[in-house]
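**Q** Structure provided below as structure tokens; questions to follow.
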Amino acid sequence: MTPENTLTDAEITEIQTIFRHFPEKSAACIEGLKVIQQHRRWVSDEAVRGLAEILEMSPAAIDSVATYYNLIFRRPVGRNVILMCNSVSCWIMGYDQVAACVKRKLAIDYGETTEDDRYTLLTIPCLGTCDHAPAMIVNEDLHRDLTTENVAAILNTYE
Amino acid sequence: MSMTNILIDNVPYAVDGSKNVLAASLSLGLNLPYFCWHPALHSVGACRQCAVLKYKNAEDTKGKIVMACLEPIADHLRISIEAPEARQFRAGNIEALMTNHPHDCPVCDEGGECHLQDMTVMTGHNCRRYEFKKRTHTNQYLGPFVNHEMNRCIQCYRCVRFYKEYAGGKDLDVFASHDDVYFGRHEEGVLESEFSGNLVEVCPTGVFTDKTLKKHFTRKWDLTDAPSICHQCGVGCNIIASERYGSIRRILTRYNGDVNGYFLCDRGRFGYEYVNSPQRILAPAIKGDCALANASPEQAIRQISAIIASGKKMIGIGSPQASLESNFLLQQLVGPAHFYAGIPRAEGKLIRRVITLLKNGKVRTPSLAEVKDFDAVFVIGEDVTNTAPMLALNLRQAAKKGPVELVKAMHIPEWNDAAVKDIVQGTTGLFYIATPHHTALDEIATRTYHAHPDDIARLAYAVAQHINAFSSIAGASSSTADAHSPDAGTTANPDADFEALSKSIAAALLAAKKPLIVSGISLYSEALLDSAASITNALKDQAKDPGLVFIVPEANSIGLVMLSDQFLEDAYEKEEPDEDEKPSQADEDTAILLENDLYERTFKGQTDLFLRRQKNIIVLDSLENATTRQATHLLPAATFAEADGTLINNEGRAQRFYQVHQPDNAVRSSWKWLQELQSAASSEPNVPPSASTHFDSILQSLVREFPELTAITTLAPAAGFREGTQKIPREPHRYSGRTAMHANVNVNEPQPPEDADSALSFTMEGYAGVPPPALTPFYWSPGWNSVQAINKYQIEVGGPLHGGNPGKRLFEPSNIPAAILTPNIPAPFTPTPGEWLVLPLYHIFGSDPLSALSPGIKERIPQPYIALNDSDADKTGILEGHYVEVLLNGQKQRLPVKLHTGLPPGTAGLPKGLAATAGLQFPFSTTINSGNHD
Amino acid sequence: MDKPLTQHIKKDGSWLTLKEYEAVGGYQALKKVLTLAPAEVTTIVTDSGLKGRGGAGFPTGSKWKTVPMGPDAPAIKYFIANADEMEPGSFKDRLLLEGNPHQLIEGILIGAYAIQARFSYIFLRWAYHQAAKAITQCIREAYEAGYLGEHIAGSDFQLDLSLHTSVGRYICGEETALLNALEGKRANPRSKPPYPTVHGLFGKPTIVNNVETLCNVPLILTNGADWFMKLSKTGEGGTKLYGASGRVKKPGLWELPLGTSLREILEEHAGGMKDGYQFKGVLPGGGSTDFLTEEHLDVPMDYKSVSAVGSRLGTGTLIVLDDKTCPVGMVRNLEQFFAQESCGWCTPCREGLPWTTKLLDSLEKGTGKMKDLDILTFQTHYMAPGNTFCALAPGAMEPLQSALKLFRQDFERHIHEHKCPWE
Ligand SMILES: Cc1cc2nc3c(=O)[nH]c(=O)nc-3n(C[C@H](O)[C@H](O)[C@H](O)COP(=O)(O)O)c2cc1C
Ligand code: SF4
Ligand code: FES
């Protein structure tokens, strides 16, 4: 018996459009994971199985790819994901003070989500904006030239 | 093979030019450590352990580090294994690998036979500089066969490369990245692959270990081992079986380059546990007034030999599970006219047909290993993964052959596995499967055809006809294009589909360099065998080099039928007593049954009737079963673990197995019991029977009666063989505790038992070098304690063993006109309304009743069910899981329904070999009552 | 035209639309190329001296030449722009991607024509959202204007281009790993040989070029190989995007003639050190290059010259180390990045980098020992080029090995003082 696929029709259609562009369905694995994540912020075990069914792959093969990449979230994340650059130029420019500030304000550490599900704090390698270090991304917005003074206000704009 | 001159550490060598430096070095006997490379999985360059120094030319003094496994042999190549830079790199690499390793050798099941241990010692890394925390992982439950301990992982990636890429498994993978990489399942659970047990040998450390061994763990050096042959199917894989304290502890692959190579299936590896079963018959028993009561061997022999000597009518029923020698001695005891091969006639006739086709036909049957070299495959009617698992594993390799050949043509060596995979991109070669239902190999098939066996035979005959017809069409290869086309035959017209499919298969087989046809007797259809042979004959006529493989059900199916053409029904139907006997004596009959549960073979009613007619039922068997419960005289027969013998596999290859240990009870080889009975019966009363004859002399009398079996006398050195003056020890020379292990019984170390039947001894003393291959009980070489010591036993890695791969093929095609086939094309199958034709369904775990008694295997056996065609079920409103009433041999049975198996309309499937289906003769028609579902 | 590559990029952060790009001569090079034989295009690029701007500096024309051509060549070939830019301290491709995607698309078209590719991709890192928007719109425009798809600009040439956004890992920028990522797999690097130019994406011939490399291509085709060669100061061809980050007065990115001296970039364009900070060292081309110090400041920033003084031009983006920043801490930050981003395939990188990081961490905390320096030195040999499966780990060793030599005293002070002297 095949249990109902947990993915929504919208997700399934989107994934099916993508795999038509590839010589093999399995080549759409990463794209499929991105679609799922766009729709539900993170990729649950059920979603992995759902994608496996659509792409005719095993859940293990999907998960092997999903767990490889930094930006596929296999655990729930909050409504807003803060990705703090921790690479060299930002380090030189003192990103750790900014990060400490964020952690204090949100009362979470890296890898954690606030209790109200509002923020998840993660690190990300160099954001390619080193001339404006320190920098971070919140959801899809890049914030640069961060200071311990301006970071709190930036975060407040995210509900 | 082109030989190329190279310099290793300034010593000139001539080596196989198609190899890489690592394989060549190991073949030369040099010690060069490695992890990710495996002789069957080849090179990917991940572990960086096989580093050597490569010099540009004769003048270069500096050299550069290269990975030997990725370095092609080239003319005048100059490398160094011993250069300090190379040694330092390798020691440093082990040091890095060991940073996170738990160093738990004392409690690790791999300890003492661990490749990581060996390589660590070999590189000289012995001082730990890493002082930080180790990363740790949690382990997973992986089912009854394989234990998981991820912390010991050195990330060589061999497990996934074997499981996923080589064996086609889906549920083991690598997760995460950097130093977090994790090898396991997506979530805890039973490993699904039929070949999961190979992880135990493929893993170079203790991540994947044998869970059945863990239950009664023993270090490698404390095991008594013997070269043996797997008894769990007809393929005859070579195994090493190991014992301690009277119980069998585990099975390992015994490398045979012509048969199973480096691998085994899980039925073969884990199916041994029945040997230790509490249901083992350990003492003779004689039926008193009502029940069987234990007796001494002398009593039993005396009583039974008296019956034999009385000259009453006596028949013997042999077994495809028993050795040639045991079957032969029973035949001698009762006389050939009274000996019956203990299988139903339908099965026996088919096996006879297989023998005829192989012996007298036009086409050679390849060895199991050779199967990997065929580049197009057509499977006719066999669910190979379940009827001959290791053949399925090799067919998976054959499916890669075509694409790999293309890559080789681009000058990329086959051993560069990483490169080959990137280029091949998962494409498979031409592979066709015609079976009544879905099979595990369907996923690699170019096309599948699911139909009734008669229709499968029709397809095969049509393919043969097309091949014959192609002779007139010059451009046969041009039609291979449509063999690839997925649209071939998807029109609405089934006749056109059939035509298109048979044409495209014919074209594909003709386009291949080496086409292979696989069939067998599992569907009990002679038309399948004949149609398969007519394809290979047609291909041969087209000057192709085809191969023909037939699958037979049991370890000695072929051997048994070579001894006798009389089958169970012949014994059962012999209502009329022999002419010279008075009818009244009929109920005085004596039957001697050899290692054969007749209730598995024939209907209960039929079997009951037959046994009721026997006054004396003398049973030689190893485990209690329905037949042994009927015995009047019961003799404890050896399993493979306590017996020597010869088996003939589906290829017609005769192979010798040896007893692992001498049990301290009355259990002995059936042939030993039989020759004791023989000599007791023929000697004068009260005179002790003459000294027993040994194994070799039984062989001699056997081949005197059956000259076509003469080769079996040369399978292994005779009992008198000595290396110098020494026997070959079954125990490694580090065997420990011998003086203490029986001290609770007697402080004096007991005299080790003598083995008069073979050149093997039951001790640790004896010849310490590489013994003759047929007598190799274990692999060990200085510095090489793991299974990878096998390198030292091969002429070249992955090649034949020193002294040649053991086993002898008994037949080569002789193209005798008698075997010429007159096509006997069956009519298309048309379902009879209200009736179902029931076909056997095979399960690697369950269809072999003996291995099914092993606790590990038991966990994997399916519950009885009936499989129906989806549309048939639809019509009657039956859903998956519904219970239906099935009439089985006059008895109603309620069984849950399984759908989506691909079975054609009008057919149903029942798992063969389960207790619920014991004795059913497939195929048969029946009715199904879908009345009240729940 | 002293900034041919970036002259049209607008200051307001918006990208050039197709109209705007065409107005400044966009797609003229393509139209010219379509009248040439593919081999002629490759020859022009070879003659221009253009070297790969992705870090390794391999001559672009020579790379294109290794693609199988002619009637026997595979019908499907791929052309890929590497826009993964994840090297720490590198931020040059971003400008080109956000400011003028059509220039890149035209470069891809020309390259694809030269090797007769049928499909092309832009492999973009996830974090470049603005670039993704720009590229998506420009691709659409290019399709609508007939620059992509069938019968490009009225010719027989056809090419499809899609944008692939990566889901993040530094190793995806390695060209063979990138292929695996595009195929939807784990992005472990592939073994070489065979090279991607013969067996690449989906097993077919594939070119991977850096964004900056490709953006130069239309200019070369428009203005000629000689013109391009003469742009540089030292004869390697072209201009280069140089950047600087760290405690300099004016961190930023500038297009300058290839071969501009390190001193000029640092002092004139980046405005020298911030007040109160002294120059201590610099990684001249991103996180996986060797440190240079005061004595090297006059080196011309081209491939050959920077190698000659023991480092690499890499991506040409300077990461400046000042006297108030701990060199051990800086290297530790870099090694942590590399350890985290190791793909986990080969032993030295997977196991060696975390160990290296832990040693540096312990030194930073003041718990290091003198013998740790020997182990660190050992790691730099252990992970030397050729010893690992790909260039990630050897790259990671470059800042470490040079720091161990140039800043040895600073390492030792951590040990002797049992703390980080900069704390
Ligand atoms: C670990 C690693 C990461 C890399 N990352 C990038 C990258 O982000 N962008 C890039 O263009 N090249 C990167 N490269 C270089 C590419 O492998 C490749 O050489 C380059 O894309 C070729 O383009 P080019 O010849 O135009 O420079 C990386 C190499 C390595 C070893
Ligand atoms: S050096 Fe090895 S482990 Fe590191 S990224 Fe390259 S292949 Fe992966
Ligand atoms: S055996 Fe050569 S790198 Fe692993």
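The values are calculated or read from the model by the stated rules, or taken from the named source; none is laboratory data. Predicted model only: the values in this text are computed from it and were never measured. Glycine gets a Cβ as well: all are built from the backbone with ideal geometry, and neighbour counts include every protein chain shown. Note: accessible area is taken over every heavy atom of the protein model, side chains too, but ligands, DNA and RNA are not part of it. Shrake-Rupley method; radii C 1.70, N 1.55, O 1.52, S 1.80 Å.
**Q** What pairs in B:K170/B:K514; C:K51/C:K192; B:K362/B:K544; B:K170/B:K220; B:K56/C:K65 have C-alpha atoms more than 23 Å from each other?
**A** Over 23 Å apart, Cα to Cα: B:K170/B:K514; B:K170/B:K220; B:K56/C:K65.
**Q** Pick from C:S305, C:S14, C:S261: which is most flexible by mean-square fluctuation in a GNM of chain C where alpha carbon atoms under 10 Å apart are linked?
**A** C:S14
**Q** By a straight-distance test (C-alpha under 27 Å), which lysines pair with B:K134 as possible cross-link partners, with residues fewer than eight away in the same chain excluded?
**A** B:K211, B:K214, C:K358, C:K365, C:K369, C:K371, C:K419
**Q** Could you compute how fast the stretch C:122-161 diffuses translationally, taking Rh as the Kirkwood radius over C-alpha pairs and applying Stokes-Einstein at 4 °C with viscosity 1.567 mPa s? Give it in µm² per second.
**A** Using the Kirkwood radius from Cα pairs, D works out to 119 µm²/s.
**Q** For C:G243, list long-range residues whose amide hydrogen, built 1.01 Å from N in the peptide plane, is under 5 Å from its own amide hydrogen.
**A** Long-range HN contacts for C:G243: C:W254, C:T317, C:L318.
**Q** Kirkwood Rh over Cα pairs of the stretch B:1-136 into Stokes-Einstein at 10 °C, 1.306 mPa s: D in µm²/s?
**A** In µm²/s, the coefficient is 100.
**Q** Straight-line reach from C:K31: which aspartates and glutamates have a Cα under 13 Å away, not including same-chain ones fewer than 8 places off?
**A** The qualifying aspartates and glutamates are C:E22, C:E106, C:D156.
**Q** With all protein chains present, calculate the accessible area of B:T646 using a 1.4 Å probe and round the result to the nearest 10 Å².
**A** Taking all protein chains as shown, B:T646 has close to 0 Å².
**Q** Rounded to the nearest 500 deg cm²/dmol, what is the calculated helix-only ellipticity per residue at 222 nm for chain C, with -39500 (n - 2.57) per DSSP H run of length n ≥ 4?
**A** Counting only the DSSP helices, I get -11500 deg cm²/dmol.
**Q** While we're on this one: For chain B, give me the percentage of DSSP beta bridges that are antiparallel, rounded to the nearest 5 percent.
**A** Of the beta bridges lying entirely in chain B, close to 55 percent run antiparallel.
**Q** For the stretch B:138-227, what mean projected area does the convex hull of the alpha carbons give, in nm²?
**A** 6.5 nm²
**Q** Put +1 on the Cβ of every Lys and Arg and -1 on every Asp and Glu Cβ in chain C; which of C:G99, C:Y21, C:P348 then has its Cα farthest towards the positive end of the dipole?
**A** My answer, from the dipole projection, is C:P348.
**Q** Trypsin sites (Lys or Arg not before Pro), restricted to the stretch B:126-208: which are DSSP loop and have at most 15 other Cβ atoms within 10 Å?
**A** Those that pass, being in a loop and sparsely packed, are B:R128, B:R129, B:K133, B:K134, B:R135.
**Q** Which value, in nm² and rounded to one decimal, describes the direction-averaged projected area of the C-alpha convex hull of the protein assembly as shown?
**A** 62.1 nm²
**Q** Now for a different question. Excluding ligands, DNA and RNA, what is the solvent-accessible area per residue of the protein assembly as shown at a probe of 1.4 Å, expressed in Å²?
**A** Accessible area per residue: 36 Å².
**Q** Under the rule of -39500 (n - 2.57) per DSSP H run of 4 or more residues, summed and divided by the residues of chain B, what mean residue ellipticity at 222 nm is obtained, to the nearest 500 deg cm²/dmol?
**A** -7500 deg cm²/dmol
**Q** Based on Cα coordinates alone, diagonalise the gyration tensor for the stretch B:850-926, multiply each eigenvalue by 5, take square roots, and list the semi-axes in whole Å, largest first.
**A** Over the Cα atoms of the stretch B:850-926, the ellipsoid semi-axes are 23, 15, 11 Å.
**Q** Now a separate question. Hey, what D do you get for the stretch B:298-388 in µm²/s if you plug the Kirkwood alpha-carbon radius into Stokes-Einstein at 25 °C and 0.890 mPa s?
**A** For these conditions, the coefficient is 145 µm²/s.
**Q** Stick to the Cα atoms of chain C, pair each with every other, and give me the Kirkwood hydrodynamic radius in Å at one decimal.
**A** Hydrodynamic radius (Kirkwood, Cα pairs) of chain C is 22.1 Å.
**Q** Placing +1 on the Cβ of each Lys and Arg and -1 on the Cβ of each Asp and Glu in the protein assembly as shown, which of B:T136, B:C265, C:L283 has its Cα farthest towards the positive end of the resulting dipole?
**A** It is C:L283.
**Q** Another question, if that's okay. Under a Cβ-only charge scheme (Lys and Arg +1, Asp and Glu -1), can you give me the dipole magnitude of the stretch C:327-416 about the Cα centre, in debye to the nearest 20?
**A** Charge dipole of the stretch C:327-416: 160 debye, to the nearest 20.
**Q** Further question: Compute, for the stretch B:127-267, the length of the dipole vector about the Cα centre, with Cβ point charges of +1 (Lys, Arg) and -1 (Asp, Glu) only. Units Debye, rounded to 20.
**A** That gives a dipole near 560 debye.
**Q** Answer with one residue from C:L256, C:G246, C:G310: the one whose Cα lies farthest towards the positive end of the charge dipole of the stretch C:239-322, charges on Cβ with Lys, Arg +1 and Asp, Glu -1.
**A** C:G246
**Q** Given a 10 angstrom Cα cut-off, can you work out which residue in C:P284, C:P327, C:P71 is the most mobile in a GNM of chain C?
**A** C:P71
**Q** So, one more: Which entries of B:K604/B:K875; C:K19/C:K230; C:K280/C:K405; C:K11/C:K92; B:K64/B:K408; A:K34/C:K185 show an alpha-carbon separation above 24 angstrom in the structure shown?
**A** B:K604/B:K875; C:K19/C:K230; B:K64/B:K408
**Q** In addition: Quick one: what Rg and Dmax do you get for the stretch B:79-119 from the alpha carbons, in Å?
**A** Rg then Dmax for the stretch B:79-119, in Å: 12.7, 39.
**Q** In addition: 5 Å is the cut-off here: which amide hydrogens, built 1.01 Å from N in the peptide plane, fall below it relative to B:L801, excluding neighbours closer than 5 in sequence?
**A** Amide H neighbours of B:L801, under 5 Å, 5+ apart: B:G257, B:I795.
**Q** Cα-based Rg of the stretch B:363-477 per 2.2 N^0.38 Å, rounded to two decimals?
**A** 1.17
**Q** Also, I was wondering about something else. Helix-derived [θ] at 222 nm for chain A: sum -39500 (n - 2.57) over DSSP H runs of at least 4, divide by residue count, nearest 500?
**A** Only helices count here, giving -11500 deg cm²/dmol.
**Q** Still on this model: Can you pull the Kirkwood radius for chain A, inverse mean 1/r over Cα pairs, to one decimal in Å?
**A** 17.1 Å
**Q** Continuing with this model, one more query. Send over the Kirkwood Rh of chain B, from the inverse of the averaged 1/r over different Cα pairs, rounded to one decimal Å.
**A** Final number for the Kirkwood radius of chain B is 29.6 Å.
**Q** How far is helix C:408-417 tilted off the main Cα axis of chain C, in degrees rounded to 10, range 0 to 90?
**A** With both axes taken from Cα atoms, the answer is about 40 degrees.
**Q** So what is the orientation-averaged projected area of the stretch C:239-322, using the convex hull of its C-alpha atoms, in nm²?
**A** 4.3 nm²
**Q** Oh, and also: Can you compute 3J(HN,Hα) from phi for each residue in the stretch C:160-177, using the Karplus curve 6.51 cos²θ - 1.76 cosθ + 1.60 with θ = phi - 60°, rounded to whole Hz and x for Gly and Pro?
**A** 10, 10, 10, 9, 10, 9, 6, 9, x, 4, 4, 4, 4, x, 5, 4, 7, 5
**Q** Taking only the alpha-carbon atoms of the stretch B:3-82, what semi-axes of the equivalent ellipsoid follow from 5 times the gyration tensor eigenvalues under a square root, in whole Å, largest first?
**A** They are 19, 14, 10 Å, listed largest first.
**Q** OK, next. Can you give the Rg to Rh ratio for the stretch A:9-68, taking only C-alpha atoms and Rh from Kirkwood?
**A** Rg divided by Rh gives 0.91.
**Q** Divide, for the stretch C:18-231, the radius of gyration over alpha carbons by 2.2 N^0.38 Å, where N is the residue count.
**A** 0.93
**Q** A further question on this structure: Placing +1 at every Lys and Arg Cβ and -1 at every Asp and Glu Cβ, with all other atoms neutral, what dipole size does chain B have around its Cα centre, in debye to the nearest 20?
**A** For this selection, approximately 1860 debye.
**Q** With heavy atoms of protein chains only and a 1.4 Å probe, what residues of the stretch B:178-192 have at least 50 Å² less accessible area in the full set of chains than alone?
**A** Hits at the 50 Å² cut-off: B:H178, B:D179, B:H186.
**Q** Decide, for the stretch C:327-416, between rounded, prolate and oblate: order the square roots of the alpha carbon gyration tensor eigenvalues as a ≥ b ≥ c, take rounded if a/c falls under 1.5, and otherwise choose prolate if a/b is larger than b/c, else oblate.
**A** Prolate shape, in that a/c is at least 1.5 and a/b is the bigger ratio.
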